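The values are calculated or read from the model by the stated rules, or taken from the named source; none is laboratory data. This one's a predicted model, so the numbers in the text were calculated from it and none came from an experiment. Reconstructed Cβ throughout: ideal geometry from the backbone, glycine too, with neighbour counts over all protein chains shown. The protein model used for the area step is the full one, side chains on, heavy atoms only, and it has no ligands, DNA or RNA in it. Shrake-Rupley method; radii C 1.70, N 1.55, O 1.52, S 1.80 Å.
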Amino acid sequence: MDFNFKEEQQQFADALRRWVDKDYTFETRKRIVHSASGVSDVAWNTLVELGMTALPVPEEQGGFSGSAVDMLVVMQELGRGLVVEPYFATVWGAKFLQLAGNQHHRLEDVAKGELKLACALGEKHARHDLADIKTIASINGEGYRIDGTKTVVIHGGQADALIVSARSAGTQRDTNGISLFVVPTDTPGVVIRDYRTIDGQRAATVQFNHVAVPASALLGKMGGGWDMLEEAADYGVSLLCAEAVGAMDAIFNATLEYLKTRKQFGIAIGSFQALQHRMADMYIHLEQARSMAMLVAARMVCDAEERRRVASAAKVRIGQAARFIGQQAVQLHGGMGVTDELPAAHHFKRLSMIELTLGDVDHHLERFTAQRGFQQHSN
């Protein structure tokens, strides 16, 4: 497998890094986070101008047909820069539209940066189980009616439309009978309560009170949305893994620089052998995480069983690495490591939230061991 990035991919990364360094500084980000909206229209428009919203969209809809590996390059830089714009939520939602195959006009709007998306999939009782759905979808004339509540909808308050999972048949945790819909946020009956999360991002609780949508809102087949939901969720995992690697890279380098400059007893603390050993352990975790992020991105085009296996393995390994690197960085920075004045504290918070998004380590360990290939090799 070739782990070298193509010239075009490196150009995307370089363009993003220059923008972050020049216009999306740590102080700029803090002002955005504490603003009323929690996001910046200027920053979003820059991402659009750089072609980031068009990257994952098929060429037929005005995009660049970017692969998961292309997206890895982008997400790493966004993770390094702690970018809080609704990019992840939008490109993740665009994956649902692409898999559905009947949402060309919306994909065109995504490519042009005119449509922001969010995925309303989780419910408060379900923890990480996306099949545990109480939200109901029923036939309503020529369309459908949706009733229920979704929680921790990433950038739900900034979205123009939501990707919504609802149960149209089957029991509460059954993978059969799940339907997916695209619902504009200005649809009557949609109530959004927006809030800021600990990592500076935005999330929302979304209520659907007798929400009527037309037949065209259905993504795929009625009651047959599980395969699409699972594939898109694995794609979301690959994006989060890449973002986590960017954040870990940044916090590692910041810690290394701190050890070189912070002095005790008249010498840099980075010369202490015990701290050098801890940095070496952090580096090993970082490089293993980087390899897993590359692997899961490359495996997004494989069959469903292989995709599930690698996605869960990557989420586990990267989650473990993020916890170790984040905790070590905070400790090596001393009391400064938990203050708002240092980017390291914010990277650690973001890594903690990524670990909890789309399944934590325990959830994906259980999912990994449930795969048929693991069961065959363990017997």
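Below, the figures for the structure above:
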{"item": "Yes/no for Arg80 being farther than 19 Å from Leu97 by Cα, modelled with pLDDT of 95 or more and open to solvent by 40 Å² or more (accessible area, probe 1.4 Å)", "result": "yes"}
{"item": "Residue within region 239-254 that is open to solvent by less than 30 Å² (accessible area, probe 1.4 Å), in a helix (DSSP H, G or I) and of a type in the set (D, E, K, R) present", "result": "yes"}
{"item": "Hits in region 24-65 (condition: among the aliphatic types (A, V, I, L, M) and assigned to a helix (DSSP H, G or I))", "result": "Ile32, Val33, Val42, Ala43, Leu47, Val48"}
{"item": "Residues of region 192-216 that turn out to be touching a Gly at 6+ places or on another chain (Cβ under 7 Å) and on the phi < 0 side of the Ramachandran plot, as a count", "result": "14"}
{"item": "Region 109-134, subset charged (D, E, K, R) and open to solvent by less than 30 Å² (accessible area, probe 1.4 Å), residue farthest from Phe208 (Cα to Cα)", "result": "Asp132"}
{"item": "Filter result for Val296 (touching a residue at least 24 places away in the same chain (Cβ under 8 Å) and crowded, with 23+ Cβ neighbours inside 10 Å)", "result": "yes"}
{"item": "Top-ranked residue in region 64-77 [being open to solvent by less than 20 Å² (accessible area, probe 1.4 Å) and either among the basic types (Lys, Arg) or in contact with a Leu (Cβ under 7 Å, 6 or more places away or on another chain) (or both); ranked as farthest from Ala13 (Cα to Cα)]", "result": "Gly66"}
{"item": "Checklist (1) modelled with pLDDT of 95 or more; (2) out of contact with any Phe, Trp or Tyr (no Cβ under 6 Å at 6 or more places or on another chain) applied to Val301, failing item", "result": "(1)"}
{"item": "Considering residues of region 337-360 that are assigned to a helix (DSSP H, G or I) and free of Cβ contacts under 8 Å to residues at least 12 places away in the same chain only, the residue surrounded by the most Cβ atoms within 10 Å (Cβ to Cβ)", "result": "Gly337"}
{"item": "Unmet requirement for Val310, which otherwise passes all of (1) within 20 Å of Phe368 (Cα to Cα); (2) touching a residue at least 40 places away in the same chain (Cβ under 8 Å)", "result": "(2)"}
{"item": "Some residue of region 278-285 being closer than 25 Å to Ala233 by Cα, in a helix (DSSP H, G or I) and modelled with pLDDT of 95 or more", "result": "yes"}
{"item": "When residues of region 267-284 are limited to those that are open to solvent by less than 40 Å² (accessible area, probe 1.4 Å) and under 20 Å from Val245 (Cβ atoms), the one nearest to the chain's Cα centre (by Cα)", "result": "Met282"}
{"item": "Those strands (runs of 3 or more DSSP E) lying entirely in region 135-222 with at least 3 residues open to solvent by less than 20 Å² (accessible area, probe 1.4 Å) and touching a residue at least 12 places away in the same chain (Cβ under 8 Å)", "result": "143-154, 161-167, 178-184, 202-213"}
{"item": "Flag for Ala329 being touching a His at 6+ places or on another chain (Cβ under 9 Å) and either open to solvent by 50 Å² or more (accessible area, probe 1.4 Å) or in contact (Cβ under 8 Å) with a residue 60 or more places away in the chain (or both)", "result": "yes"}
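Residues checked against (1) at pLDDT 95 or above; (2) closer than 19 Å to Phe252 by Cα:
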{"residue": "Glu306", "(1), (2)": "no, no"}
{"residue": "Ala311", "(1), (2)": "yes, no"}
{"residue": "Arg323", "(1), (2)": "yes, yes"}
{"residue": "Thr339", "(1), (2)": "no, yes"}
{"residue": "Asp360", "(1), (2)": "yes, no"}
